[in-house]
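Structure, as structure tokens:
The values are calculated or read from the model by the stated rules, or taken from the named source; none is laboratory data. Predicted model only: the values in this text are computed from it and were never measured. Don't worry about glycine lacking a Cβ; one is built from the backbone with ideal geometry, like all the others, and counts go over all protein chains shown. To get the accessible areas, we keep the full protein, side chains included, count just its heavy atoms, and leave off ligands, DNA and RNA. Shrake-Rupley method; radii C 1.70, N 1.55, O 1.52, S 1.80 Å.
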Amino acid sequence: QVQLVESGGGLVQPGGSLRLSCAASGSIASINARGWYRQAPGKKRELVALIINGGSTNYADSVKGRFTISTDNAKNTVYLQMNSLRPEDTAVYYCKARRFFTDYWGKGILVTVSS
């Protein structure tokens with residue numbers, strides 16, 4: 001089993017920045033991909049950013065150039081740096097880790113972009 005705990009969410013004004021963190025524990029060996037997803041009210045959960053072992057990344061078109069995903073392997077943590085935030089970025093953000101063919105999810109953290 002893999003446990004994931006997100007932190008760093010909250011309320012931010014449009015144009016502002018936040019950094020989300022997701023710390024992994026448990027059977028973290030052989031995690032081969034980690035990512036951030038989000039779900040806005042009334043919408044489906046969607047991929048925001050993905051990072052695969054080896055460093056390749058993938059971003060949703062809506063966040064390219066504004067969000068950056070990164071990892072600190074020593075801390076077993078993945079980050080999502082979010083800049084130039086917009087009201088439409090408001091959502092619950094979920095961390096995901098894939099180990100072999102099993103996905104593990106965090107409980108989610110709320111990000112609200114509003115003036």
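Structural remarks
- Taken as a whole, the range 28-42 holds no residue that is touching a helix residue (DSSP H, G or I) at 6+ places or on another chain (Cβ under 8 Å), at pLDDT 95 or above, open to solvent by 60 Å² or more (accessible area, probe 1.4 Å) and of a type outside the set (Phe, Trp, Tyr).
- Residue check, SER56 without any contact (Cβ under 8 Å) to a residue 60 or more places away in the chain, closer than 27 Å to SER115 by Cβ, among the polar types (S, T, N, Q) and surrounded by fewer than 18 Cβ atoms within 10 Å (Cβ to Cβ): no
- Yes/no for ASP61 being out of contact with any Ser or Thr (no Cβ under 8 Å at 6 or more places or on another chain), among the charged types (D, E, K, R), at pLDDT below 95 and over 13 Å from LEU4 (Cβ atoms): no
- Of all residues in the range 67-111, those being closer than 20 Å to SER7 by Cβ and surrounded by 14 or more Cβ atoms within 10 Å (Cβ to Cβ) number 29.
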